[in-house]
1. Select, from A369, A345, A379, the only residue that is in the same structural domain as T112 (by TED's automatic domain parsing), part of a helix (DSSP H, G or I) and surrounded by fewer than 16 Cβ atoms within 10 Å (Cβ to Cβ).
2. How many residues are part of a helix (DSSP H, G or I) and in contact with a Phe, Trp or Tyr (Cβ under 9 Å, 6 or more places away or on another chain) when one looks only at the range 348-366?
3. Look through the range 170-226, keep the residues that are surrounded by 14 or more Cβ atoms within 10 Å (Cβ to Cβ) and polar (S, T, N, Q), and return whichever of them is farthest from the chain's Cα centre (by Cα).
4. Within the range 227-262, restricting attention to residues that are farther than 22 Å from G297 by Cα and aromatic (F, W, Y), which residue is surrounded by the most Cβ atoms within 10 Å (Cβ to Cβ)?
5. Scan the range 144-196 for residues that are touching a residue at least 60 places away in the same chain (Cβ under 8 Å) and out of contact with any strand residue (DSSP E or B) (no Cβ under 9 Å at 6 or more places or on another chain) and report the count.
6. Quick check on the range 242-255. Is at least one of its residues among the charged types (D, E, K, R) and either in a helix (DSSP H, G or I) or in contact with a Gly (Cβ under 9 Å, 6 or more places away or on another chain) (or both)?
7. Taking the range 148-169, which residues are surrounded by 12 or more Cβ atoms within 10 Å (Cβ to Cβ) and of a type in the set (D, E)?
8. Take the conditions among the aliphatic types (A, V, I, L, M), assigned by TED's automatic domain parsing to the domain that holds Y390, under 17 Å from A366 (Cβ atoms) and outside any helix (DSSP H, G or I) and apply them to L105. Does it pass?
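The values are calculated or read from the model by the stated rules, or taken from the named source; none is laboratory data. What you are looking at is a predicted structure, and each value in this text was computed from that prediction instead of being measured. As a convention, Cβ positions derive from the backbone with ideal geometry for all residues, glycine included, and neighbour counts pool all protein chains shown.
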Amino acid sequence: MSDSKRGGFKASRHGGGKASAAGSKSKQKKAAEQREAKSVKLGARAPALNRFLRGARIDPRVIDGTETVVQLVDGTFHAYNSGRLREACHLFSGKMLAKDVTVGLTLTGALTPAGLGMSALIPLIEAGFVDWIISTGANLYHDTHFGLGLAMHRGNSSESDVVLREEGVVRIYDIFFDYDVLLSTDAFFRKILRSPEFQKPMSSAEFHWLCGKYIAAREQALGIGNKSLLSAAYACGVPVYTSSPGDSSIGMNVAALQLEGYQCVIDPSRDVNETASIVLHAKRSGGKSAVLIMGGGSPKNFVLQTEPQIQEVLGIDEKGHDFFLQVTDARPDTGGLSGATPAEAVSWGKIDPDRLPDAVVCYVDATIALPLMTSYALATTKPRKLKRLYDLRGKMMDRLKAEFERANT
């Protein structure tokens, strides 16, 4: 049968009354003109005929200033990265915050200096929406400023850095603070790190739990309320890891005290095994594992490598994380880990291939996305019971060791 008779190579999929882009253009043009002459509306029936047109119709609400964050996201975030942000809100609130899901959060980039620890992360922790964290050391160091009552200020990124240095002002893009903030925070860490409980090898989770205890005590003494992510994590039993302990001012102060003979050691191997045990525990307890990645970098790899550690290195049967949600500005085509897609992670065993349709990558500045996602989640989802995974570290490690022994005997 000729193409002219069957209306193009896709015509048989649509039936005689539906035009195909591969069919006769002359006939399609005339049919459209006939519909217009009769005022026949095609759009209302198109989704039922074409599987690609089954998405919600773009018909946004009018923004009038009375809308909530939920209404704004659901009603006006229809396409491009606003669409991905809407999908991120739905994935986080609708699936990742189910009771049986263990949520691991990673933090990269200067989020806490911008106040996101107080505005977003502490509320998420206290609501039980974050069960464990991997962060850059810098985020945790700058978080401590707020717990000590020290000030960070809005600034102008175009100011001369030479002049700022002469004036004793430190800049993180458009955040300014006095150089003494660094000196005071360093002094605080050196003081607490000399305590007997720090004089041993430990995981970064134990290290940060101890730091959080002292920061919480300082907040209470100052009467400033809960300002620090670390103190909130301490109170809620949320283990906080860092993927590169020496790559921050906290690690620099640990190193300095070793020159004085102190014995505090943050053991990365303990971190590798403890984080793997958290994921294995989530799966073996009949639940699921979710990763919420803010940025990329080393924390992203550290949270995702838990599955290769379980499968490839320890030889334990597993399938990968169940939910993947990343907010990033990194491109995938440069080959860097920060921009690597969840599909690529499947090839490493990091993500369960059966759950890949649930993965979302949102190319948005995390300082924009995180507050919106936090507000959306708190507005649509009831608080969850705290899992207090820090208190379960011994139990989870026992399970990991037992499964490792069974798999390798």
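1. A379
2. Initially, the range 348-366 is screened for residues part of a helix (DSSP H, G or I), giving 353-358, 366.
So of that shortlist, the ones also in contact with a Phe, Trp or Tyr (Cβ under 9 Å, 6 or more places away or on another chain) come out as 355-356, 358.
Result for the range 348-366: 3.
3. Q199
4. For the range 227-262, the residue satisfying everything is Y234.
5. So the answer is 13.
6. Of the residues in the range 242-255, the ones among the charged types (D, E, K, R) are 247.
Then keep just the ones that are either in a helix (DSSP H, G or I) or in contact with a Gly (Cβ under 9 Å, 6 or more places away or on another chain) (or both); that gives 247.
Yes; the residues of the range 242-255 include at least one that is among the charged types (D, E, K, R) and either in a helix (DSSP H, G or I) or in contact with a Gly (Cβ under 9 Å, 6 or more places away or on another chain) (or both).
7. Applying the first criterion (surrounded by 12 or more Cβ atoms within 10 Å (Cβ to Cβ)) to the range 148-169 yields 148-150, 152, 155, 159, 164-165, 167, 169.
Across the range 148-169, the qualifying residues are E159, E167.
8. Working: among the aliphatic types (A, V, I, L, M): yes; assigned by TED's automatic domain parsing to the domain that holds Y390: yes; under 17 Å from A366 (Cβ atoms): yes; outside any helix (DSSP H, G or I): yes.
Here the answer is yes, as L105 does meet what is asked.
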